[in-house]
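The values are calculated or read from the model by the stated rules, or taken from the named source; none is laboratory data. What you see is a predicted model; the values in this text were computed from it and never measured. Ideal geometry is used to build each Cβ from the backbone, glycine not excepted, and the neighbour counts take in all protein chains shown.
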Amino acid sequence: VSSNKNGFWLVHSVPKFPLSSEEKYLYPESGKRNGQSFFCLSFSSDALEQIDDNSQTL
C-alpha cells in the first residue's frame with residue numbers, strides 16, 4: 001500500500017486475513033493453535049520505485 005509520500009508492505013501467515021472490508025474480522029481458531037507471524041515494512045515513496053524495479057528482476 002502506498003501514497004505519494006510513503007507506503008508499507010505487510011507479510012503475514014494468518015489464515016483468511018484480511019476479510020473484505022464489509023465483514024468483521026475474527027481471528028481464526030487455527031491461528032490460536034499454531035504460531036503466526038506479522039512483518040510490516042514501511043518505506044518512502046522513493047524506495048517504492050527501487051523495490052518495484054528490483055522485484056521485477058526476481
message: Condition first: surrounded by 10 or more Cβ atoms within 10 Å (Cβ to Cβ) and at pLDDT below 75. Now tell me which residues in the stretch 1-16 satisfy that.
response: 2, 16
message: All but one of (1) modelled with pLDDT under 80; (2) within 16 Å of the chain's Cα centre (by Cα) hold for residue 43; state the number of the condition that does not hold.
response: (1)
- prompt: In the stretch 29-37, is there at least one residue being surrounded by 10 or more Cβ atoms within 10 Å (Cβ to Cβ) and modelled with pLDDT under 75?
  reply: yes
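Can you pull out every residue in the stretch 4-57 that is part of a loop (DSSP other than H, G, I, E, B) and of a type in the set (Lys, Arg)?
Residues satisfying the conditions are 5, 16, 24.
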